[in-house]
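Structure first, then comments.
Read-outs throughout are calculated quantities, based only on the coordinates presented, and are distinct from any laboratory measurement. Here the structure is a predicted model, which is why all the values come from computation and not from measurement. Glycine also receives a Cβ, built like all others from the backbone with ideal geometry; neighbour counts cover every protein chain displayed.
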Amino acid sequence: MTKEEIIAAVKKCAAELGRAPSMGEFRKATAIGKGQIRKHSGTFKQLLEASGLEARGSGHVVEMKDLFADWAGIVQRLKKSPTLADYEVQSKYSPRPLVRRFGYWVNVPAGMLEYAKKGGLEGEWEDVLKIVGEEQESEAKETPTSEPQRRARKPLALHDRPVYGQPMFAPFSFAPTNEQGVLFVFGFLAHDLGFSITRIQTGFPDVEAMREVGPNKCQKVNLELEYESKNFLAHMHPLDGCDGIVCWIDNWPECPLEVIELRSVIRQNRFAADLR
């Protein structure tokens, strides 16, 4: 399938909906996979721009009641809490608002359950709360039964304050928890890793650098920064034009690109800290 055919499919989908589709809506309507989109256009947002469409919801804050209704509808359809991959396909929203609110995707079901109970939504979403509640009970049974042990395993992040990483050494106060933090750590360690950064940009790829490849020898490389290496897939970046991924956590073992996991670098070099 060519880029022109994909763009035509986007325009047809938009015409049928009366607005720009979400990635999940587009994939369900056309069966065009992420790989095809990534190959020809990079991200889905870039595909919409190439099609002359504006991504829905850009620049607007989605209210929690709308996020909950959308998420709960997915639970009803799947008969289970959606994984991150499920949500990206089924939802009309990005997962980022929920991740920002609850800290990690694994905290979303418990957080949504708490939100529904505090909001008095048990009657309207009784079936959803039953599904999620049973999942939470089942998960609790798989861990030691004592309350202190269960809380220590996966505490629910508080919603009214920011999340920090583990304490680190100077000049870092805490380990990074997002892509911006990865950029800061990489900037500090780049020279030790044999890189001289020549350009940082907001578009893909994030960093252009010169890399030492031998005595008095350097080559230009393009690097993409991610908090987790597998986010490269979630952001639908193309492999072309990128030489490697710099991340804090490498969770993509089959990645076809070189991956530099800064967490491991810090453990191994002279700035090592106890980062378990």
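Identify all aspartates and glutamates with a Cα-Cα distance to Lys45 below 14 Å; exclude those on the same chain that are fewer than 8 residues away in sequence. List returned: Glu25, Glu54, Glu88. Separation of the alpha carbons by more than 21 angstrom is noted, of Lys3/Lys92; Lys65/Lys130; Lys3/Lys34; Lys80/Lys130; Lys12/Lys79; Lys80/Lys141, for Lys3/Lys92; Lys12/Lys79.
What order, most packed first, do the peptides 107-119, 201-213 have when packing is the mean number of other Cβ atoms within 10 Å of each residue? Don't jump to the answer; show the numbers that get you there.
Values: 107-119: 17.5, 201-213: 14.8.
In decreasing order of mean packing, 107-119, 201-213 become 107-119, 201-213.
Rounded, prolate or oblate for the stretch 180-276? Axes are the square roots of the Cα gyration tensor eigenvalues, ordered a ≥ b ≥ c, and the cut-off for rounded is a/c under 1.5. Numbers along the way, then the final one.
Details: a/c = 1.59, a/b = 1.03, b/c = 1.54.
Oblate, since a/c reaches 1.5 and b/c is not below a/b.
Normalising the average separation of contacting C-alpha pairs (under 8 angstrom, six or more residues apart) by the number of residues puts the relative contact order of the stretch 1-129 at 23 percent.
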